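A.B. asks: Got a structure for you, questions after.
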Amino acid sequence: MFNQLVAKALPIVPKPIVRAVSSRYIAGETIQDAVNTTRKLNAHNAKATIDVLGEFVSSRSQAEQEAQMSSNVLTAIGETNIQSGLSVKLTSLGLDIEDEFCYKNVAALVKKAHEIKRFVRLDMENSPYTTKTIDLYKRLRSEGLSNTGVVIQAYMRRSEDDINDLSKLGASVRLCKGIYIEPSNIAFQGRDEVQENYKKLLRLMFDKDMYVGIATHDDVLLDFAQEEIAKRGVKPDRYEFQMLLGVREQKRDALIKAGHHMRIYVPFGHDWYGYSVRRLKENPEVAGHIVRAMFTGGR
Ligand SMILES: Cc1cc2nc3c(=O)[nH]c(=O)nc-3n(C[C@H](O)[C@H](O)[C@H](O)COP(=O)(O)OP(=O)(O)OC[C@H]3O[C@@H](n4cnc5c(N)ncnc54)[C@H](O)[C@@H]3O)c2cc1C
């Protein structure tokens with residue numbers, strides 16, 4: 001209860017406090033920070049997908065700057081040979097400005113990633129962008145760019161249809177619960193119904209032999225996924241687990257130890273505030289962290 005109150009009050013918590021308590025979720029502000037974090041993860045047998053923090057860009061020059069940053073990340077990945085792909089949010093690359101402009105920015109990144117044998121994941125944002133994101137992905141595939149994949153959110157009622165559709169392309173899909181607030185006519189609301197839909201969609205993806213990134217920290221779903229993998233004898237080249245930097249690290253290590261492939265989402269950059277608030281709201285111990293930081297000044 002107290003945690004929920006604190007989560008609601010986050011917008012009025014001073015930014016330096018939010019920054020301090022969310023530092024575990026963010027690699028830092030520079031590309032070098034993301035590379036260093038990825039090196040450590042690689043040493044623990046986890047791969048990464050690096051994300052330049054930022055979303056909902058409204059000017060062309062801002063979107064071009066974001067695209068340049070992601071391109072610089074790919075350069076750094078190629079030069080250092082760290083085991084990481086790239087994750088991008090299409091609104092940061094101009095989806096709100098013009099579809100064609102966004103497509104060109106994304107296609108350039110996917111082509112560059114192809115040259116260094118890396119993968120670009122198109123993150124899924126809120127519902128006004130779902131169809132546009134899937135359409136853009138399909139266009140990339142139709143133009144021969146296959147080192148890219150999408151994200152499907154289990155809370156969306158449309159997701160089963162989307163998976164059936166994407167399976168025809170042999171799409172690589174990250175399956176997550178979904179993080180934005182969506183209305184009940186288009187999205188399941190209750191924890192149980194989202195979990196049930198997640199299970200249903202995961203089964204469907206295994207049935208269709210799609211490559212799936214199982215992106216969750218939820219024990220119920222992690223146990224379910226492991227049971228399905230064992231029961232069906234799903235090969236390690238058909239799936240990986242995915243987690244966010246700084247979340248449930250013991251569970252992460254246990255999954256790696258059990259022989260599963262693991263990829264960690266590594267966000268970095270100056271635009272850390274929106275991402276941090278979303279992470280803190282999901283942390284069941286948010287109140288303790290914030291109150292402690294209030295008293296210690298975040299140190
Ligand atoms: C790799 C990855 C990529 C993602 N990409 C997207 C995307 O493109 N679009 C999108 O809408 N969503 C994305 N998400 C977020 C996702 O939709 C969920 O909001 C988020 O993962 C929380 O759901 P959960 O399945 O982990 O279950 P939850 O029930 O939220 O969490 C399960 C347990 O994990 C622990 N936990 C969870 N979060 C925290 C935290 N911040 N701090 C401490 N403990 C925590 C708690 O113990 C909690 O009980 C992504 C998630 C991951 C892991």
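The values are calculated or read from the model by the stated rules, or taken from the named source; none is laboratory data. All figures in this text were calculated on a predicted structure; none of them were measured in a lab. No Cβ is skipped: glycine too gets one built from the backbone with ideal geometry, and neighbour counts run over all protein chains shown. Accessible surface areas use protein heavy atoms only, side chains included; no ligands, DNA or RNA. Shrake-Rupley method; radii C 1.70, N 1.55, O 1.52, S 1.80 Å.
A.B. asks: Closer than 26 Å to residue 24 by Cα, open to solvent by 30 Å² or more (accessible area, probe 1.4 Å), modelled with pLDDT of 95 or more and part of a helix (DSSP H, G or I), is that true of residue 226?
C.D. replies: For residue 226, the condition - closer than 26 Å to residue 24 by Cα, open to solvent by 30 Å² or more (accessible area, probe 1.4 Å), modelled with pLDDT of 95 or more and part of a helix (DSSP H, G or I) - is not met.
A.B. asks: Evaluate the following for residue 75: is it part of a helix (DSSP H, G or I) and within 16 Å of the ligand (Cβ to nearest atom)?
C.D. replies: It is false that residue 75 is part of a helix (DSSP H, G or I) and within 16 Å of the ligand (Cβ to nearest atom).
A.B. asks: Give the residue, chosen from 66, 79, that is free of Cβ contacts under 8 Å to residues at least 60 places away in the same chain and out of contact with any Leu (no Cβ under 7 Å at 6 or more places or on another chain). If you could, list the steps in order and put the result at the bottom.
C.D. replies: Values: 66 fails: out of contact with any Leu (no Cβ under 7 Å at 6 or more places or on another chain).
Exactly one of 66, 79 is free of Cβ contacts under 8 Å to residues at least 60 places away in the same chain and out of contact with any Leu (no Cβ under 7 Å at 6 or more places or on another chain), namely 79.
A.B. asks: Are any residues in segment 30-63 part of a loop (DSSP other than H, G, I, E, B) and open to solvent by 60 Å² or more (accessible area, probe 1.4 Å), and if so, which ones?
C.D. replies: Initial filter on segment 30-63 (part of a loop (DSSP other than H, G, I, E, B)): 30, 44-46, 53-59.
Answer for segment 30-63, where residues must be part of a loop (DSSP other than H, G, I, E, B) and open to solvent by 60 Å² or more (accessible area, probe 1.4 Å): 30, 44, 45, 56, 58.
A.B. asks: Let me ask something additional. Kindly establish whether residue 250 is within 16 Å of the ligand (Cβ to nearest atom), assigned to a loop (DSSP other than H, G, I, E, B), open to solvent by 50 Å² or more (accessible area, probe 1.4 Å) and in the same structural domain as residue 140 (by TED's automatic domain parsing).
C.D. replies: In short, no.
A.B. asks: Next question. So which of 148, 216 is within 22 Å of residue 279 (Cβ to Cβ), in the same structural domain as residue 102 (by TED's automatic domain parsing) and within 15 Å of the ligand (Cβ to nearest atom)?
C.D. replies: Sole residue among the options that is within 22 Å of residue 279 (Cβ to Cβ), in the same structural domain as residue 102 (by TED's automatic domain parsing) and within 15 Å of the ligand (Cβ to nearest atom): 216.
A.B. asks: Run down 66, 100, 125 and say which single residue is among the acidic types (Asp, Glu), more than 14 Å from the ligand (Cβ to nearest atom) and farther than 19 Å from residue 143 by Cβ.
C.D. replies: Checking each option against the conditions leaves just 66.
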